[in-house]
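Everything below concerns the one structure shown next.
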Amino acid sequence: MKLTKRNYFSKKANKEYMSVSQFKAFSKCPAAALAEIKGKYKRDVTTALLVGSYVDSYFEGTLEIFKKKNPEIFKKDGSLKADYTQANLIIQRILADKLFSEYLSGQKQVIMTGNICGVPVKIKIDSLHDDKIVDLKVMASLDNVYTDDNGFCPFFEAWEYDLQGAVYQEIVRQNTGKKLPFYLAAATKEKVTDIDIVHIPQDTLDLALDRFKRDIEAFDAMKKGIIKPDRCEKCEYCKTTKVLTVPTEADEYYLL
Ligand SMILES: [Zn+2]
């Protein structure tokens, strides 16, 4: 299957190729990830996610199409809801910065496919230059984030943007023969937007690629129905599909 902008997010493309977001979904809850691929479960599109897509689509040059596709971003009187008025301010802040704008000025939304550990992988790059890969991120803040596994860590590790960088770098290398550095172009949704261009070091990307390689075959086997996916029993999908068979002993609640 040849991937295009039109079919990149299609059910068929998601079945045939592993993506970074799919991989992350499998890491969280394999059962939910698989149900999503099969079209049996749909994650909620949150406003936070939609604000990010709004900014993305501006820099991709497809904001008008985005507005037509997402009428929920408008109020009844036809003006933008507050979150998207703020998204416009984020865009203005980005445009006002020379370095940020330059990093976003590469080839937009470049689709590539490759192969990691025998599994077909697809990527879509926000801004590809001859000498670097740049991904635009609109996020709550640039502060460190608390995670259950690692305590406080930098936002790019907490949100696993290192994993994205690692996979992008590897697939670009397979397609072009060049191993390019990876940068995050980050802008925040705070009252006053903060911006930064963050270079993710190579050893962080190497570790993240190892993590991807460690689990990709198992996740692919789940997609193919060879391995049964585990349930996390915590996510919305697991709650929705939970079937009670026996009562729970109260003791178990003390362990949670
Ligand atoms: Zn789950």
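Values quoted throughout were computed directly from the atomic coordinates according to the rules given, and no laboratory measurement underlies them. Small disclaimer: the values here were computed from a predicted structure and weren't measured. Cβ placement follows ideal geometry from the backbone for every residue including glycine, while neighbour counts extend to all protein chains displayed.
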Could you list, in their original order, any pairs among LYS68/LYS228; LYS12/LYS81; LYS38/LYS75; LYS5/LYS38; LYS67/LYS178; LYS15/LYS234 whose Cα atoms are separated by more than 32 Å?
LYS68/LYS228; LYS12/LYS81; LYS38/LYS75; LYS67/LYS178
Give the average over all directions of the projected area of the C-alpha convex hull of the range 94-172, one decimal, in nm².
6.6
To make sure I understand, if each residue's beta carbon is the centre and we count other beta carbons within 10 Å, what order do ASP56, ASP206 fall in, fewest to most?
ASP206, ASP56
Cross-link partners among aspartates and glutamates for LYS2, C-alpha distance below 16 Å, same-chain residues fewer than 8 apart left out?
GLU16
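At a Förster radius of 51 Å, what calculated FRET efficiency corresponds to the Cβ-Cβ distance of LYS213 and SER79, to the nearest 0.05?
For LYS213 and SER79, the calculated efficiency is 0.60.
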Footprinting exposure proxy for VAL246, VAL172 (fewest neighbouring C-beta atoms within 10 Å first):
VAL246, VAL172
D (µm²/s, integer) via Stokes-Einstein for the chain, Kirkwood Rh across alpha-carbon pairs, 20 °C, 1.002 mPa s: value 107
Quick note on ARG93, ARG43, ordering by fewest other C-beta atoms within 10 Å, gives ARG43, ARG93
Mean shadow area of the range 1-146, taken as a quarter of the surface of its Cα convex hull (nm²)
11.2
Run the dipole for the range 181-226 about the Cα centre, Lys and Arg Cβ at +1, Asp and Glu Cβ at -1, nothing else charged, and hand back the magnitude in debye, nearest 20.
260
Distance from the range 166-240 to the range 21-36 (C-alpha centre basis), Å
12
Rg from C-alpha atoms of the range 4-77, normalised by the globular rule of thumb 2.2 N^0.38 Å, equals 1.27
